[in-house]
Each structure stands twice: as structure tokens, then as C-alpha cells.
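> Right, I'll just put the structure down here and ask away after.
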Amino acid sequence: MLLDRLHQPGYGCLFVLSFLASSLLPLGSEWLLVMMLVKGYPPLATVMTATLGNFLGAVTTYLIGVLGSEWLITRVLRISEEQLQRARGRYRRFGVCTLFFSWLPLIGDPLCLVGGMMRTDFRLFTLLVASGKLIRYAALAWVSLRAAT
């Protein structure tokens, strides 16, 4: 039954939008999550789809930090040296735990990039990033469903 529901087109769109929103592109996926919940999509499947897409987008950004050269980061992604230094400074100042806040707009994606550049242990990265993103989507779903009733 759950697998049948996952074949509905809304889940694919939510996954892709959540993935792209967690890259360095200025997109948001929250609106689609709320719309799907209001239309009656199951909360657990909807939240997990958004979380997985968003987490995998963060992993992609992390891998760019691990594998990408400074040229790729500054030329292709157009992240200035000042932005990189600011993110590195925050990372050093507040530590690896800042990855928990990778869901925050504007600073979350660069934190994942810096996490990769700083060679953060992937298990710790996964724990912090996935839990932060899951809590954010779960809270958004809870508030949306409460407001809809």
C-alpha cells in the first residue's frame, strides 16, 4: 500500500524539489510539502520523501566540498572567497554541530560544503544533517496539519 502511494507524481516532484533546494540553488520545497499534506497525502511518507531528497542534496554539496577543487567551488558555484572564509570561520567557531542547522536558508548549504572541505566524518555529517532536516520537515508537517484542522 505504501509503495503504491509513493508512485503518485507528487512524491517524485517533492523529492526532486527537496534535492535541488538542498543544493546551492535558491529554491524551497516547503510549499510543496504543505500543499501535499493539505491534499491528504500521508504525513509520514511525505515527510520522509522530502527529508531523503533534501539530505541527498546536502550529501551532493558535501561531496563537492570533499572532491571539488577551489576552482570548481569559486568558478562554477560562484562562491566567493569571502563567503568561504565566513563559513570556515563559523565552522571553526561553532564546530561540526553547526551541520545540524543545514536546513536554515542561506547558510545551510554552504555549511554542508564547508563540512566536506573540512573532511567531516561522513557518519557524523549524516547524523547531524539528516536529523536537522527531518525535524524541520516533521515540525512543518505538524504545524500544517494542525492549522488545516
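Values in this text are rule-based calculations from the coordinates and carry no lab data. Please read these numbers as outputs of a predicted model, since none were measured by experiment. We place every Cβ from the backbone using ideal geometry, glycine too, and count neighbours over all the protein chains shown.
> Between Ala139 and Leu127, what length in nm is gained on full extension when 0.36 nm per residue of separation is reduced by their alpha carbon distance? Let's see the in-between values first.
Working: separation 12, 0.36 × 12 = 4.32 nm, distance 1.79 nm.
Gain on extension, Ala139 to Leu127, equals 2.5 nm.
> Follow-up question, since we're still on this one. Kindly rank 97-103, 46-52, 120-126, 107-113 from highest to lowest mean number of other beta carbons found within 10 Å of each residue. Could the numbers behind the result be given before it?
Working: 97-103: 20.7, 46-52: 22.7, 120-126: 14.9, 107-113: 24.3.
Descending packing order for the listed peptides: 107-113, 46-52, 97-103, 120-126.
> Helix 108-117 sits at what angle to the longest principal axis of the chain, using alpha carbons and giving 0 to 90 degrees rounded to 10?
The answer is roughly 50 degrees.
> Rg over Rh of the chain, using C-alpha atoms and the Kirkwood radius, what does it come to?
1.02
> While we're here: How high is the relative contact order of region 72-149, in percent, with contacts defined as C-alpha pairs under 8 Å that are six or more residues apart?
Values: 47 pairs, mean separation 21.1, N = 78.
Worked out over region 72-149, it gives 27 percent.
> Right, something else. How much length would be gained if the chain were fully extended between Leu25 and Val76, taking 0.36 nm per residue of separation minus their Cα-Cα distance, in nm to one decimal? The partial results should precede the final answer.
Details: separation 51, 0.36 × 51 = 18.36 nm, distance 1.23 nm.
The span from Leu25 to Val76 would gain 17.1 nm if fully extended.
> If packing is taken as the average count of other Cβ atoms within 10 Å, what order do 139-146, 32-39 fall into, highest mean first? Please report the intermediate quantities before stating the final value.
Numbers: 139-146: 14.2, 32-39: 17.5.
Ranked by mean Cβ neighbours within 10 Å, highest first: 32-39, 139-146.
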